[in-house]
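Trainee: One structure coming up, written as structure tokens, with questions to follow.
We did not get these values from a lab; they are worked out from the coordinates using the rules stated. Predicted, not measured: the structure shown is a model, and the values here were computed from it. Positions of Cβ are generated from backbone atoms using ideal geometry, with glycine treated the same way; all protein chains shown enter the neighbour counts.
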Amino acid sequence: MVPGYWWLREIILRLFLHGESRNFVRDRLHDFWVCRQVKKYQPQILIGSEKSCKNSFLLVKKYKGICILDLAQIHVYDLKIIRHKYSFLKKEWGSTFLFDKIQKVKLIEYELADIILVISLKMKVSLLKAGISPSKILSIYLGFDPQLFYRKIQYPVPDNHSLKLIFVGNLSEAKGVLFLLKLMERLTDFPISLTFIGSNARSFSGKTNLSNIFFGGIKDQYSVADYLRKADVFVFPSYLDSWGMAVVEAMACGLPVIVSEEVGASECIDDKVGFILPLIEDQWINAMLTLLYNPTLTKQMGVQAAIKVSSFNWKNYDYGVIKSLEKVINVT
């Protein structure tokens, strides 16, 4: 289906499919369309997104072209382990039959790719562990827009009588939303509030009646940046995140961050800018209370966080992509 009729495709998909099944069919349709373009233009290099480039990669190989896989997740073998570890992921990621079909597609894409682009050390280690050659892996970190995400010009010491937490991202159990709701239930005696910004808010807003929790819904990037600058601390207890762009954007806005060990962007974090914690409630509560009762520390961490990620902008990302492509062309 051609891109001009994407809206018709989306209506049909939303009427008959949901969740990962819808994504899988959408990826297949995209791959089919790209194949038509490959036949027409016979490109020397094709950059494809995982799960949606198997057939187009096969076609490019026939024309002796170079295939670059733009990876968004850790290796599918690690995904399978995590899926079995947390039962709720089986519901979010679809049936075992569907997962196995996706796995087959991904494994073929790994094999066909001449280069695999990864966005975190976590992803690179996952691929190496699965036996993928290090020569195929190139690391390029995602960027943020410094015109939108920047630290407050006036940065007062946070109010030592309250702590404003914020979460930004798609609201799901996999992102740790229920984990945060449980934490807030235990923190009702403390002046701590939590704002959720992101899609799927309706699925969770009915699960709590706490007055110190706010569901803001989907916001544009300008509004997200404003919400971040009004908060004190960013929280992201994801059970699986190959990177976590919102973590870096929050740090750019001058927020200390508390993230789980499963977040790829944790490699940007040290004890000067936040906390990297296992998904153990007591440890998260202790970190929050530490920041609540130490507003000067919270300010210092926020300042250091903005400095820490200052190089993670789109200009540097573009430069990294161009240099990587030049390297691939020169080698081949």
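Trainee: Please get the size of the charge dipole for the chain, origin at its Cα centre, with Cβ charges of +1 on Lys and Arg and -1 on Asp and Glu, quoted in debye to the nearest 20.
Mentor: Details: 42 positive and 31 negative charges, 248 e Å.
Computed about the Cα centre, the dipole is about 1200 debye.
Trainee: What number, rounded to the nearest 500 deg cm²/dmol, is the helix-based mean residue ellipticity at 222 nm of the chain, given -39500 (n - 2.57) per DSSP H run of at least four residues and division by all its residues?
Mentor: Values: 14 runs with 161 residues, N = 332.
Computed ellipticity for the chain at 222 nm equals -15000 deg cm²/dmol.
Trainee: Thr290 to Lys91: extension gain in nm, 0.36 nm per residue of separation minus the Cα-Cα distance? Walk me through the intermediate numbers first.
Mentor: Values: separation 199, 0.36 × 199 = 71.64 nm, distance 3.54 nm.
Length gained, Thr290 through Lys91: 68.1 nm.
Trainee: Rounding to the nearest 20 debye, state how big the charge dipole of segment 1-105 is about its Cα centre with +1 on each Lys and Arg Cβ and -1 on each Asp and Glu Cβ.
Mentor: Numbers: 20 positive and 9 negative charges, 67 e Å.
I would put it at about 320 debye.
Trainee: Springs between alpha-carbon atoms under 10 Å, Gaussian network over the chain: tell me which of Phe99, Phe196, Phe88 tops the mean-square fluctuations.
Mentor: Phe88
Trainee: Shifting gears a bit: Points 7 angstrom from Cα along the Cβ direction at Val328 and Glu173: gap in nanometres?
Mentor: About 3.8 nm, to one decimal.
Trainee: May I ask for the angle, rounded to the nearest 10°, between helix 281-292 and the longest principal axis of the chain, with both axes built from Cα atoms and the value confined to 0 to 90°?
Mentor: For 281-292 against the chain, the angle is about 60 degrees.
Trainee: What is the chain's relative contact order, in percent, from Cα pairs under 8 angstrom and six or more apart in sequence? Let's see the in-between values first.
Mentor: Working: 535 pairs, mean separation 50.3, N = 332.
Answer for the chain is 15 percent.
Trainee: On a 0 to 90° scale, report how tilted helix 314-331 is relative to the longest principal axis of the chain, with both axes built from alpha carbons and the result rounded to the nearest 10.
Mentor: 30
Trainee: If a/c stays under 1.5 just call it rounded; otherwise compare a/b with b/c (prolate if a/b is bigger, oblate if not). Do that for segment 225-301, with a ≥ b ≥ c from the square roots of the Cα gyration tensor eigenvalues. It would help to have the intermediate numbers written out before the result.
Mentor: Values: a/c = 1.74, a/b = 1.11, b/c = 1.56.
Here segment 225-301 falls in the oblate category.
Trainee: If a/c stays under 1.5 just call it rounded; otherwise compare a/b with b/c (prolate if a/b is bigger, oblate if not). Do that for segment 45-150, with a ≥ b ≥ c from the square roots of the Cα gyration tensor eigenvalues.
Mentor: Values: a/c = 1.64, a/b = 1.09, b/c = 1.51.
Since a/c reaches 1.5 but b/c is at least a/b, the shape of segment 45-150 is classed as oblate.
Trainee: Hey, another quick one. Please report the equivalent ellipsoid semi-axes of the chain, computed as sqrt(5 x eigenvalue) of the Cα gyration tensor, largest first, in whole Å. List each step's numbers first, then the result.
Mentor: On the way: eigenvalues 276, 107, 68 Å².
So the three semi-axes of the chain are 37, 23, 18 Å.
Trainee: Would you mind pulling out the separation of the Cα centroids of segment 36-59 and segment 261-332, in Å?
Mentor: What the calculation gives is 34 Å, centre to centre.
Trainee: Where does the charge balance sit around Thr208 when Lys and Arg score +1, Asp and Glu -1, over other residues with C-beta under 12 Å from its C-beta?
Mentor: On the way: positive: Lys182, Lys207; negative: Glu185.
Neighbour charge sum, excluding Thr208 itself: +1.
Trainee: Pairing the Cα long axis of helix 6-16 with the longest principal axis of the chain, what angle in degrees results, from 0 to 90 and rounded to the nearest 10?
Mentor: Its long axis makes an angle of about 70 degrees.
Trainee: Tell me, what is the percent relative contact order of segment 163-308, built from C-alpha pairs under 8 Å that lie six or more residues apart?
Mentor: On the way: 260 pairs, mean separation 33.6, N = 146.
In percent, rounded to a whole number, it is 23.
Trainee: Would you kindly derive the ³J(HN,Hα) couplings of segment 205-222 from the backbone phi angles with the Karplus curve 6.51 cos²θ - 1.76 cosθ + 1.60 (θ = phi - 60°), listing them in order in whole Hz, with x for Gly and Pro?
Mentor: With coefficients 6.51, -1.76 and 1.60, one gets 4, x, 8, 8, 10, 5, 6, 9, 10, 10, 9, x, x, 7, 10, 6, 4, 5 Hz.
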